[in-house]
Amino acid sequence: MRFIEEFRDGSVARQVAAQIAAEASADREYKIMEFCGGHTHSLCRYGLIELLPKNVEMIHGPGCPVCVLPIGRLDQAIALARQPNVMLCAYGDMMRVPGKDRVSLMRARAQGANVKMVFGANDALKLARANPDKQVVFFAIGFETTTPPTALAVKTAQAEGLENFTVFVNHVLTPSAIEAILGSPEAQEGRIRVDGFVGPGHVSTIIGTQPYDRFARDWKKPIAVSGFEPLDLLQSILMIVRQLNDGRHEVENQYSRAVNSVGNLKAQRLTEETMELRPSFEWRGLGTLQASALKLRPEFAKWDAEARFTMPYEAVADHKACACGDILKGLKKPTDCKIFATACTPESPIGSCMVSPEGSCAAYYLYGRHRTSPTPEPERRTA
Amino acid sequence: MRTRNPFPKKLDLTGRVELTHGTGGKVMAQLVEQLFAAAFDNRYLAQRNDQAVVEPPVGKLVMTTDGYVVSPIFFAGGNIGSLAVHGTINDIAMAGARPLYLSSAFILEEGFPLADLKRVVDAMAKAAMQAGVPIVTGDTKVVERGKGDGVFITTTGVGVIPVGVTAPSGDRAKPGDVVLVSGSMGDHGVAILSQREGLSFETTIESDSASLHTLVADMVTVCPDIHVLRDPTRGGLATTLNEIAWQSGVGFKLEERAIPVKPQVAAACELLGIDPLYVANEGKLLAIVAPHDADKVLAAMKAHPLGRDSARVGTVIEDENGFVQLETSFGGSRILDWLAGEQLPRIC
């Protein structure tokens, strides 16, 4: 496959990894957070973490929309789906995340709730047109990448006068999460140390690289906005190591084949026209963050599920044994969680990080279990 | 001797399935006579009984049953009818057996166009004829509108293992054995999904749906002791190998580079964010054979039209954890785990 395989060349990857090892100075540690769950998966899928020298540590960030959505918001969606005449449309990743009492959308559906799995906002629009007698609600989650399609769906519904379509908006903002990590008490106390960030490339196709300038300037953190293939990631890590060695802190764009500094202005305009900042929003792991999420503007109240339906919010604490919160903050690795791969598995997940294809627990479980598994493989026994 | 034709008017194919088509009266008899029996035409059905009477074959009997609920009903490379024949024949064939007879049970939803039903039945008849396996008995039921989704089909198959052939079984994989696949992975699932999502590519991706029993016959001729034979349908190659790892108490080491995947399937999977090794096949098999049998089985597979792209993709290893490991083209290794959740619902 052209334009993909070039970025998955193992021998080039090992050369870049060797370069990182050569340039990373042995007398210091490099703690680099890849914000995005998609990056965490690439790191695990291609075994990149093992290619890196020991003193270059990747800290997995909270960039997984399914993971950071708190149980309370999910429960609101489940309650909506149980209302008579409502058809709730959700992304596939969301279906198996357990809510209160471990009831997921999937389980609610089996119990009679009307839940449809969709690939995007546009599918939900189609369902609304096809089912005029139903109230079709799109359960909109995601960072800046999935926000414009939601905005477009709302605008389309407005243009068509589609009255049986609403959106339950849970869109969140990447810079707010980075800010929260850097300003967290754990970071102040030195329990979390992040020297630099691998920036989420897909988010930057929408917002550009500019929103990160302040982290480089004010927090003095090097940032490399990165693509998702293994060579992209290794190159981004090398860029950050070099910045740290030089004492620089800049926003660099590794993913220049898709990202520019200003982003997709049309998409930004769509979001701006339809949505505004929420005063605050609860994130799983990161807590309640000011100005960190979006909601529909009042003029679009007709398409806003939160305005059209009664949706009481009840904050629900995570399962006691689940370390998702600490993992999302970068305080713990999935393998530090007591129930990782024992009580919590993709088949029977307890925390959201084990469910989502972007969750770091799922990445560790799916790709790396043979490395951490208690029984050594025969290959290793003979090695 | 038959008396006069009880159905002077021909079945109106512009009509739709009605509840009376399943109530056992004359309307149903006409549907069975003019649609099903006319298409499936064979001497067993000609007896017009509720069962077929056949001679017992020599050898071990094999029996299987499978329900088909694929959505959409019509897809590039086949429809639910051809799939219902291929799938069940393949389940028989994977015991190293020769399929002999099929039965088919239809659950029709009120309002389903009869013309569509005819397309399904004709595809089924054609698939059965090409395979040389008659549909010898059947059943038709109709459910009210909204209680089904057009048409569901269940087929049952009976076959026989040729004398001298040891039945392959999922619990017979041994460390050192070689894993062979008969062609490219993921075609069926991607054909269905791209149709469902309205995705189009430079080349149309067609389902690989096909009956594999003649390929199996060639394989057991050169090697009567194939350890495991499976058609990697739902969950694809990865899930099937996990099942075998669990049944046999072994692990696998696969070579990603060696596993055939068509470029357009790989591209579609990349776009949809899925892994072709987890995507269903309906016309491919995987065989696990002793190392000394590998070359001759692979040669027999490659000599068959349905096995031209066969390849050796990995080996069975000792592993108490039963992990299916993949040596990636990139140069690392990762696990191919069981599929969790619904990646592609209603693929067959």
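The values are calculated or read from the model by the stated rules, or taken from the named source; none is laboratory data. Computed from a predicted model, the values in this text were never measured in an experiment. Here the Cβ positions follow ideal geometry from the backbone for every residue, glycine too, while neighbour counts run over all protein chains shown. Heavy atoms of the whole protein, side chains included, go into the accessibility calculation; ligands, DNA and RNA do not. Shrake-Rupley method; radii C 1.70, N 1.55, O 1.52, S 1.80 Å.
Could we say that B:F323 is among the aromatic types (F, W, Y), within 14 Å of another protein chain (Cβ to nearest Cβ) and under 22 Å from A:C361 (Cα atoms) here? Yes, satisfied.
Please specify each residue of segment B:254-269 satisfying the condition of being open to solvent by less than 40 Å² (accessible area, probe 1.4 Å) and touching a strand residue (DSSP E or B) at 6+ places or on another chain (Cβ under 9 Å). B:L254, B:A258, B:I259, B:P260, listed by residue number. If you go through segment A:294-306, how many residues are touching a residue at least 40 places away in the same chain (Cβ under 8 Å) and part of a helix (DSSP H, G or I)? Number of matching residues: 5. Of the strands (runs of 3 or more DSSP E) that lie entirely inside segment A:1-96, those containing 3 or more residues that are at pLDDT 95 or above and either β-branched (V, I, T) or under 21 Å from A:K333 (Cα atoms) (or both) span A:30-36, A:56-63.
Conditions tested, residue by residue: (1) open to solvent by 20 Å² or more (accessible area, probe 1.4 Å); (2) touching a residue at least 40 places away in the same chain (Cβ under 8 Å); (3) under 30 Å from A:G199 (Cβ atoms); (4) not assigned by TED's automatic domain parsing to the domain that holds A:A343.
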| site | (1), (2), (3), (4) |
| --- | --- |
| A:M94 | no, yes, yes, yes |
| A:L125 | no, yes, no, yes |
| A:F139 | no, yes, yes, yes |
| A:K155 | yes, yes, yes, yes |
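Restricting attention to segment A:97-119 and to residues that are open to solvent by less than 30 Å² (accessible area, probe 1.4 Å) and assigned to a helix (DSSP H, G or I), the residue that is farthest from the other protein chains (Cβ to nearest Cβ) turns out to be A:A108. Checking each residue in segment A:310-328 for being assigned to a loop (DSSP other than H, G, I, E, B) and of a type outside the set (S, T, Y) picks out A:M311, A:P312, A:E314, A:A315, A:V316, A:A317, A:D318, A:H319, A:K320, A:A321, A:C322, A:A323.
Each residue in segment A:269-282 was checked for being in contact with a helix residue (DSSP H, G or I) (Cβ under 9 Å, 6 or more places away or on another chain) and open to solvent by less than 60 Å² (accessible area, probe 1.4 Å), and 7 of them qualify. Which ones in segment A:42-93 are within 14 Å of chain B (Cβ to nearest Cβ), out of contact with any helix residue (DSSP H, G or I) (no Cβ under 6 Å at 6 or more places or on another chain) and charged (D, E, K, R)? The one that is within 14 Å of chain B (Cβ to nearest Cβ), out of contact with any helix residue (DSSP H, G or I) (no Cβ under 6 Å at 6 or more places or on another chain) and charged (D, E, K, R): A:E50.
Looking at segment B:81-93, is at least one residue open to solvent by 30 Å² or more (accessible area, probe 1.4 Å), hydrophobic (A, V, I, L, M, F, W, C) and outside the structural domain of B:D231 (by TED's automatic domain parsing)? No.
Restricting attention to segment A:325-353 and to residues that are open to solvent by 30 Å² or more (accessible area, probe 1.4 Å) and touching a Lys or Arg at 6+ places or on another chain (Cβ under 7 Å), the residue that is farthest from the other protein chains (Cβ to nearest Cβ) turns out to be A:L331.
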